[in-house]
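Please read the structure below before turning to the comments.
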Amino acid sequence: MTNHWLDIKNADGVFIMGSNAAENHPIAFKWVLKAKDAGGTIIHVDPKFSRTSARSDIHVPLRSGTDIPFLGGLVKYILDKELYQREYVLEYTNAAFIVGEGYDFKDGLFSGYNAEKKAYDQKKWAFALDEKGVPKRDRTLKNPRCVLQLLKKHYDRYTLDKVSDITGVSKDDLLKVYQVYGATGAPDKSATVLYALGWTQHTVGVQNIRLSAIIQLLLGNIGVAGGGINALRGEPNVQGSTDHAILWHILPGYLPVPRADWPTLEDYQKANTPKTSDPKSVNWWGNRPKYMVSLLKGWMGDAATKENGFGYGWLPKVDPGVDYASIFLFDRMYKGQVRGGFIYAHNPAQSMPHSHKVRKALDQLDWLAVGEIHHNETSDFWRRPGVNPKDIKTEVFLMPSCQRGEKDGTVSNSGRWQMWHHKGVEPMGQSKPMGWMVVEIFKRVRDLYKKDMGVFPDPILNMVWPEAYDADIQAKKINGCYTRDITIKDKEYKKGDQVVSFPFLQDDGSTSSLNWVYCGSYGPSGNLSKRRDLKQTPMQAKVGLFPNFSWAWPVNRRVLYNRASVDLNGKPYSPNKAVIAWEDGKWVGDVPDGPAPPMAAPEGKYPFIMQSEGHGALYGPGRVDGPFPEHYEPAETPVTSHPFSKQLNNPCMKMPVSDLDILAKPGDPRFPIVLTTYGLTEHWCGGGDTRNTPALLEAEPQLYVEISHELAKEKGIKNGDPVVVESLRGKVEAIAMVTVRLTPFKVQGKTVHLAGMPFCFGWTTPGVGDATNRLMSSVADPNVTIPEYKACLVNIHKAEKVTELSL
Amino acid sequence: MPMTFFIDTTRCTACRGCQVACKEWHGFQANTTRQSGTHQNPPDLNAFNYKLVRFAEYKENGRVVWYFFPDQCRHCEEPPCKEAADKYVEGAILRDSSTGAVIFTEKTRQLSPAQMKDVISDCPYNIPRIDTGRGILVKCDMCIDRVRHNMLPMCVKTCCSGAMNFGERAEMLKLANQKLSELKKECPNAQLQDPEDVNAIYLLTDDPEKYYQSVNG
């Protein structure tokens, strides 16, 4: 989130799209209700009417996978009616930047496309630079090559007729939403965007979010109270685990993972340290070398020296251009290229798309170690239905994990608040925290290296490693300390002192920090994630800001880009819900994005400090599939054309190549129904935990498929009938839930039906049904390789024989 | 002063935290349930579910409405169940003088099956259920064990949306009337269900019958 949960209450408009907030974030949803109490309008755009829709003022059903037309039409509406916040757009976004001659867009393709590689040459999209290397600007916003004019041209094609025709949303409904949302372009109004996996899990997932950012920037809704782009994370600690680099492509703190073509630390720093020639741009990532060196010091301790590149050479490197994301990992596993590994708190045999392939991939392993609370479809893959355990060669180790209530640690919520949770009860039986498992396994591996000195012992033997797992000590090391006595800006620091915050981190090895964004969470005053103090100033109270409750990264800033909430002189655009204000020569309210005075001052700075140019990116040349989001149909689509171009699917979408990776052709008559999948309140993610919680299983006991009355009639299905849902990749049994909450869509003059299924059931809980994900494909977004769980093609018929469900 | 629930269904998201928390507090086993084409599960109140969120859905003028109703005993001012039981077994059903909670006691065991049915059919809200295992009549007890220790009933404690409220009757009535007058502006059909007679007052946007929908029909 750019903002935080409490801040939702400040919104005049709450725009929920790609999220079922009430069901998947039931507790935090109270802040949405508070926004409604205060007169805000709640809009929910989603294929089905859910518990979120029931509490919203407006629900608009939309065909899954057509978010970009819906939002593109909104961009056009805002621009046509000039509803954008002009000063904000001119001063704080890249609207005035001139785009270089290399950029072009024709019939669904941007310039620089290489059909063979399914990739663009992104250099074609660069800005035109002046002699100093700063992007040229046209402050009249009239130059046809300026971003605002190109944006206008791009979305001019997204007319109400075309958008309605492809999304299945009526023009009235489109206008109803556009009007309410567009009105928040007034400087003192704000709208918040709440999204989750309904936006990300598409072959255009990243561009869905990009487009919402464009809208929020146009309306001046970023950096303000009740605004922002807010990814709803939650109990799985997606925020914390992403910050700490659970993904393959980053190291902790969003530092790119080392690559084989950056063999030395110098190469790495050169490739990953952006520069700016614009003195008003903070260009925060220019500090990256300090964070990387501090991380290496945290990992390798005294063994990391300037001479050996702080041990950078010991880190594994990825091959450039190779995708190591999970669908490709399992593809390699399926092809016999992976011998064994560890899976913690993850149930890929049930929760990854194309479960049949994932399960067959696991069969190829020699060994597998699983850290889990309960047996699940992954730990027990070797005895799944239809498989003889004798035929599986894999040796499986199950390490019993304790439950979250049985261990200390931190969780970072969606608003980036790092909060300590205290152990409530002792772990049951021999179960242990997963951190304990990792610590102990590494120690044993290290002992083996000490004894036998393997092929490459340096990274193992030089690693700073605790003798025993302790969450508090780990939190302390994440913050980091000084590695020697040092004087910075006339102040002396002693070796071992905790670093107060990341501006003090150094690139000379004098500081260590296991994650720079958390530097400040555990400074000299202790573990701030344990704070529960409600003290606030009257100004902070107005917008629900509690700076002394827990700690938020970065540097306890609660609203990111908050310098965009004030005008050039530091006066809040919305005085009644000010986030920061420049008063008597200093900033009050939230922790501002840097101490510099307001932008009008000679030493003033641009607000979007993480962008090297300092401006919010209406035009975003950094994404691999285009600087402007463009509509492409899901990889499996019920239509054979769309009104915006001849390019039907995302030209860069990713999919492994194997005998099992198959897609139904567009408009495939065998599979005419769109299927979307989701979580639900009563089960947590894949359900491994909650299916083993009897009171929750009682409330949601079995796999179902939600279909409209119209589709049910067409197929001769009655409510409660067992049915078979079938895609090109598999069949799944489910109970039909025939409901008014799903409505057939009128798309290009034809009826398109949409069905919805939860993904939380699996065969290890007897009689509840098995993985919905057996239906899905492993096709993915090209930027981050997130699979398209939200749209595929299926057919449905009444079940003749039922084996997966207890009736 | 009797204690009263105020249940604002316009804030309910049907998360069913109340339903599950009620079971957990009372230490009840889970029923073996089946998906039958609705989220409402278990399908009805039973010996192990004193609280149940009912779901009802309609399409009206092209608009979907989906009602959530966290159903429970109303702890009536003059409980008809008690009147019925008193005819057969004195003390089988009590009204606690300090909280107003209507309590089914162990003495309900002395009621014959026919008498139990009498008690059930006299309840205007169809709340009491027979625990065939223990041979007694059961229903929501207002978490009287908690309330007597100044703790909120479990369903109220766990509610995260503000749908479940609990307090002294006068205070809850005031809150209910205030919420009703606000709601009336946008929902002319809005109403409180029998506020004079009960101590679990529901704020509804529509006729009470519409909150009950039998599965498959």
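The values are calculated or read from the model by the stated rules, or taken from the named source; none is laboratory data. Keep in mind that what you see is a predicted model, and the values were worked out from it rather than measured. Here the Cβ is made from the backbone with ideal geometry for all residues, glycine too, and neighbour counts use every protein chain on show. The area values use the complete protein model at the heavy-atom level, side chains included, leaving out ligands, DNA and RNA. Shrake-Rupley method; radii C 1.70, N 1.55, O 1.52, S 1.80 Å.
Relative contact order for segment A:554-665: 16 percent, from Cα pairs under 8 Å spaced at least 6 residues apart, divided by residue count. May I ask you to work out the translational diffusion coefficient for segment A:338-453 at 10 °C, viscosity 1.306 mPa s, via Stokes-Einstein with Rh from the Kirkwood sum over Cα pairs, reported in whole µm²/s? The Stokes-Einstein estimate is 98 µm²/s. Scaled to the globular estimate 2.2 N^0.38 Å, the Cα spread of segment B:11-54, given as radius of gyration, is 1.11.
Give the lysines whose C-alpha is closer than 23 Å to that of A:Lys605, dropping any in the same chain fewer than 8 places away, or say none. The reachable lysines, counting only those whose Cα sits under 23 Å from A:Lys605, are A:Lys132, A:Lys136, A:Lys275, A:Lys280, A:Lys290, A:Lys489, A:Lys571, A:Lys577, A:Lys586.
Under a Cβ-only charge scheme (Lys and Arg +1, Asp and Glu -1), can you give me the dipole magnitude of segment B:134-189 about the Cα centre, in debye to the nearest 20? Working shown, then result.
Details: 10 positive and 6 negative charges, 22 e Å.
In total the dipole reaches around 100 debye.
When both segment A:492-510 and segment B:29-50 are represented by their alpha-carbon centers, they are found 58 Å apart.
Entry note, chain A: the mean residue ellipticity at 222 nm calculated from DSSP H runs of n ≥ 4, each adding -39500 (n - 2.57), is -6000 deg cm²/dmol after division by the residues and rounding to the nearest 500.
State the antiparallel share, in %, of DSSP beta bridges confined to segment A:41-178, rounding to the nearest 5. Antiparallel bridges: around 75 percent, rounded to the nearest 5.
Loop-located GluC sites (Glu not before Pro) in segment B:13-104 (DSSP state other than H, G, I, E, B) with a sparse environment of at most 14 neighbouring Cβ atoms within 10 Å: B:Glu90.
May I ask you to derive the FRET efficiency for A:Ala541 and B:Lys210 from their Cβ-Cβ distance with R0 = 45 Å, giving the value to the nearest 0.05? Spell out each step's value before the answer.
On the way: r = 41 Å, r/R0 = 0.91.
So the FRET efficiency works out to roughly 0.65.
Remark on A:Tyr678: its backbone amide H falls under 5 Å from those of A:Met757, A:Phe759, a criterion applied only to residues 5 or more positions apart or on other chains, H modelled at 1.01 Å from N.
Just to be sure I understand the rule: take each whole DSSP H helix in chain B, project its Cα atoms onto its long axis, keep it if the span is 15 Å or more and its mean Kyte-Doolittle hydropathy is at least 0.0. Which ones pass? Can you show the working numbers first?
Working: long enough: B:169-184 (22 Å, -0.64).
The answer is none, since no helix passes both cut-offs.
The largest accessible area among B:Val53, A:Val624, B:Val20 belongs to the first residue in A:Val624, B:Val20, B:Val53, and the rest follow in falling order (1.4 Å probe, all chains). A Förster radius of 56 Å combined with the Cβ-Cβ distance from A:Ala260 to B:Gln110 puts the calculated FRET efficiency at roughly 0.10. Candidate cross-link partners of A:Lys106 among the lysines, defined by an alpha-carbon separation under 21 Å and a same-chain spacing of 8 or more, comprise A:Lys76, A:Lys117, A:Lys118, A:Lys123, A:Lys124, A:Lys152, A:Lys153, A:Lys162, A:Lys646.
Full-extension gain between A:Glu307 and A:Ser641, please, as 0.36 nm times their residue separation minus the C-alpha to C-alpha distance. If you can, show how the numbers build up before the last one.
On the way: separation 334, 0.36 × 334 = 120.24 nm, distance 5.90 nm.
Going from the current span to full extension adds 114.3 nm.
Gain on full extension, evaluated as 0.36 nm per residue between A:Tyr344 and A:Thr394 minus their Cα-Cα distance, stands at 16.3 nm. List the residues of segment A:784-807 that lose 10 Å² or more of accessible area once all protein chains are present, compared with their chain alone (1.4 Å probe, heavy atoms only, no ligands or nucleic acids). Buried by 10 Å² or more upon assembly, which counts only protein chains, are A:Ser806, A:Leu807.
Once you keep just the Cα pairs under 8 angstrom separated by 6 or more residues, what percentage relative contact order results for chain A?
Working: 1803 pairs, mean separation 130.4, N = 807.
Averaging sequence separation for qualifying contacts and normalising by length gives 16 percent for chain A.
Taking amide H as placed 1.01 Å from N in the peptide plane, the amide H of A:Leu398 sits under 5 Å from that of A:Val370, each at least 5 places away or on another chain. What separates the Cα centres of segment A:60-82 and segment A:642-659 is a distance of 21 Å. Taking a straight line from the alpha carbon of A:Lys171, these aspartates and glutamates sit under 12 Å away, with near neighbours fewer than eight places off in the same chain left out: A:Asp161.
Karplus-based coupling profile of segment A:502-519, in residue order and whole Hz: 5, x, 8, 5, 10, 9, 10, x, 7, 10, 10, 7, 7, 6, 4, 5, 8, 5, with θ = phi - 60° in 6.51 cos²θ - 1.76 cosθ + 1.60 and x standing for Gly or Pro. Take every pair of alpha-carbon atoms less than 8 Å apart whose residues are at least six positions apart; their mean separation over the length of chain B yields a relative contact order of 31 percent.
So what is Rg over Rh here for the protein assembly as shown, counting just Cα atoms and using Kirkwood for Rh? Present the calculation step by step, with values, prior to reporting the outcome.
On the way: Rg = 29.7 Å, Rh = 30.7 Å.
With Rg and the Kirkwood Rh in hand, the quotient comes to 0.97.
For the set A:Asp12, A:Asp243, solvent exposure ranked by accessible area (probe 1.4 Å, protein chains only) runs largest to smallest as A:Asp12, A:Asp243.
Start at zero, step by 5 Å, and the Cα-Cα distances of segment B:93-166 spread as 3, 14, 22, 20, 18, 13, 8, 2, 0 percent across the bins. For segment B:59-73, a reduction of at least 40 Å² in accessible area between the chain on its own and the assembled protein chains (probe 1.4 Å) is found at B:Lys59, B:Val64, B:Trp66.
In the protein assembly as shown, what % of DSSP beta bridges are antiparallel (nearest 5)? It would help to have the intermediate numbers written out before the result.
Details: 74 of 117 bridges.
Counting DSSP beta bridges with both partners in the protein assembly as shown, the antiparallel share is about 65 percent.
Please report the carbon-and-sulfur percent of the accessible area for chain A; probe 1.4 Å, protein heavy atoms only, DNA, RNA and ligands left out.
On the way: 17080 of 31200 Å².
Ligands and nucleic acids excluded, carbon and sulfur reach 55 percent.
Working from label points 7 Å from Cα in the Cα-to-Cβ sense, the B:Glu182 to A:Leu461 distance is 6.9 nm.
The H on the amide N of A:Tyr324, modeled in the peptide plane, is under 5 Å from the matching H of no residue at least 5 residues off or on a different chain. Note on A:His797 and A:Ile662: the model spin-label points, each 7 Å out from Cα along the C-beta direction, lie 1.7 nm apart. Do any trypsin sites (Lys or Arg not before Pro) in segment A:47-130 lie in a DSSP loop with no more than 16 other beta carbon atoms within 10 Å, and if so, which? Filter output for segment A:47-130: A:Lys81, A:Lys117, A:Lys118.
Loop-located GluC sites (Glu not before Pro) across segment A:738-807 with a Cβ neighbour count of 13 or fewer within 10 Å are A:Glu800, with loop assigned by DSSP. Using R₀ = 51 Å, calculate the FRET efficiency as 1/(1 + (r/R₀)^6) where r is the Cβ-Cβ separation of A:Val500 and A:Glu101; round to 0.05. E(calc), rounded to 0.05, equals 0.60.
Over the protein assembly as shown, give the accessible area per residue in Å² for a 1.4 Å probe, as an integer. Write down the numbers at each step before the final one.
Values: 40670 Å² over 1024 residues.
With the other protein chains kept in place, the protein assembly as shown gives 40 Å² per residue.
Dipole size of segment A:129-231 about its Cα centre, with +1 on Lys/Arg Cβ and -1 on Asp/Glu Cβ: approximately 380 debye, rounded to the nearest 20.
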